[in-house]
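Let me begin by presenting the structure, written as structure tokens, before commenting on it.
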Amino acid sequence: MNGEGCDVGVEFMALTNNVISMMTMSTRCSTNVDETAQIRKIARGITQLSGLLSLGEAFILLKKLVDESDIPNLPYLHAVVKETLRLHPSLPLVFRKCREDCSIKGFPIAKNSRIAVNLYAINRDPNDWEDAAEFKPERFLINIAINAIGHADQEDMKVQNYCYVPFGGGRRGCSGANLAISLLHITLAASIQCFHWKIKGAEKVDMEEGAGFSVPMAHPLVCYPILRVNPSDLLMIN
Ligand code: HEM
């Protein structure tokens, strides 16, 4: 599952990207808490072992339409969303005005200067990220595992150290980050659970980046949903 050359990874990355641009989609409100813990453990195991290829199948093991209560048990989904936002932040540049004279890495910045902070470059800095330009959701799984045994979450440290900044940072950081993340997870999870995605006219998604302030895809993603599981059948099981 390493690298942007991986078909499935790239497909999902593009799909996640697409979901990011559909942030207005509403999410279903969860009313049921189905404690199928064993099934969730199996799903999680499969998801971790086989990566994205099995994600849809793992979801089917849940035997119900995935909802918010399942999201904490889907580490690979978290990892894919995180990695996609790392490589393709929706807002690659943010701007600040300096309130006083300062210096950044030895460069003097005069009071009232306007500076652009390159989030895109920070998220791909090879000093902070191994194989920085590659799509490797697994890098976040390692940290989830570390977290599970009670050590500090390295990715949280990266957020604190401003190495991972898809939502900007500081006082003017994105105030919708939590909402965005939860919408992304649930929308992506349900899209994967219920549909196979066929890419129009290609086997692989072309992730080449085009020109523009938001660094859009050079070749916009067009894909067709093919029913894997009927969502209303899953809802009836609930
Ligand atoms: C994946 C989805 C999203 C991404 C990647 C994203 C990213 C960002 C970034 C990079 C900034 C600039 C932060 C900075 O200057 O340091 C920002 C600002 C902001 N975002 Fe988001 N955002 C997302 C979704 C949302 C949503 C869903 C909402 C609201 C419901 C939202 C509300 C805001 C607001 C109000 C600001 C301005 C904050 C300020 O200037 O104080 N964002 N966002």
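The values are calculated or read from the model by the stated rules, or taken from the named source; none is laboratory data. The model shown is predicted, which means the values in this text are computed figures rather than measured ones. All Cβ positions, glycine included, derive from the backbone under ideal geometry; neighbour counts span all protein chains shown. To get the accessible areas, we keep the full protein, side chains included, count just its heavy atoms, and leave off ligands, DNA and RNA. Shrake-Rupley method; radii C 1.70, N 1.55, O 1.52, S 1.80 Å.
Within the stretch 201-221, the residues that satisfy the criterion of being more than 19 Å from the chain's Cα centre (by Cα) and open to solvent by less than 70 Å² (accessible area, probe 1.4 Å) are Ala202, Gly210, Gly212, Ala218. Do we have any residue at all in the stretch 72-86 that's within 27 Å of Ala177 (Cα to Cα), assigned to a strand (DSSP E or B), modelled with pLDDT of 55 or more and open to solvent by 60 Å² or more (accessible area, probe 1.4 Å)? Looking for residues that are within 27 Å of Ala177 (Cα to Cα), assigned to a strand (DSSP E or B), modelled with pLDDT of 55 or more and open to solvent by 60 Å² or more (accessible area, probe 1.4 Å), one finds none in the stretch 72-86, hence no. Among the criteria (1) open to solvent by less than 70 Å² (accessible area, probe 1.4 Å); (2) modelled with pLDDT of 90 or more; (3) not hydrophobic (A, V, I, L, M, F, W, C), the one Pro108 does not fulfil is (1).
Residue-wise test of (1) open to solvent by less than 70 Å² (accessible area, probe 1.4 Å); (2) assigned to a loop (DSSP other than H, G, I, E, B); (3) modelled with pLDDT of 90 or more; (4) farther than 20 Å from His88 by Cβ.
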position: Ala133; (1), (2), (3), (4): yes, yes, yes, no
position: Phe140; (1), (2), (3), (4): yes, no, no, no
position: Ile144; (1), (2), (3), (4): yes, no, no, yes
position: Lys158; (1), (2), (3), (4): yes, no, no, no
position: Val165; (1), (2), (3), (4): yes, yes, yes, no
position: Leu184; (1), (2), (3), (4): yes, no, yes, no
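Residues that are within 16 Å of the ligand (Cβ to nearest atom) and in contact with a helix residue (DSSP H, G or I) (Cβ under 8 Å, 6 or more places away or on another chain) within the stretch 105-131 comprise Asn123, Arg124, listed in sequence order. Consider the stretch 167-181 and keep the residues that are more than 19 Å from Glu83 (Cβ to Cβ) and part of a loop (DSSP other than H, G, I, E, B). The one that is nearest to the ligand (Cβ to nearest atom) is Gly176. Any idea which residue in the stretch 91-104 is farthest from the ligand (Cβ to nearest atom), counting only those that are open to solvent by less than 60 Å² (accessible area, probe 1.4 Å) and part of a loop (DSSP other than H, G, I, E, B)? Of everything passing the filter in the stretch 91-104, Cys98 is farthest from the ligand (Cβ to nearest atom). Evaluated against (1) away from the ligand (no atom under 16 Å from the Cβ); (2) under 30 Å from Cys98 (Cβ atoms), Tyr224 falls short on exactly one condition, (2).
Whether any residue in the stretch 223-235 is closer than 22 Å to Phe135 by Cβ and β-branched (Val, Ile, Thr) is what I want to check. No, the stretch 223-235 has no match at all.
For beta carbons closer than 8 Å, sequence separation of 6+ or different chains, a first residue in the stretch 86-106 that is over 27 Å from Val215 (Cα atoms) and a second that is among the β-branched types (Val, Ile, Thr) and away from the ligand (no atom under 16 Å from the Cβ), the qualifying pairs are Asp101/Ile109; Cys102/Ile109; Ser103/Ile109.
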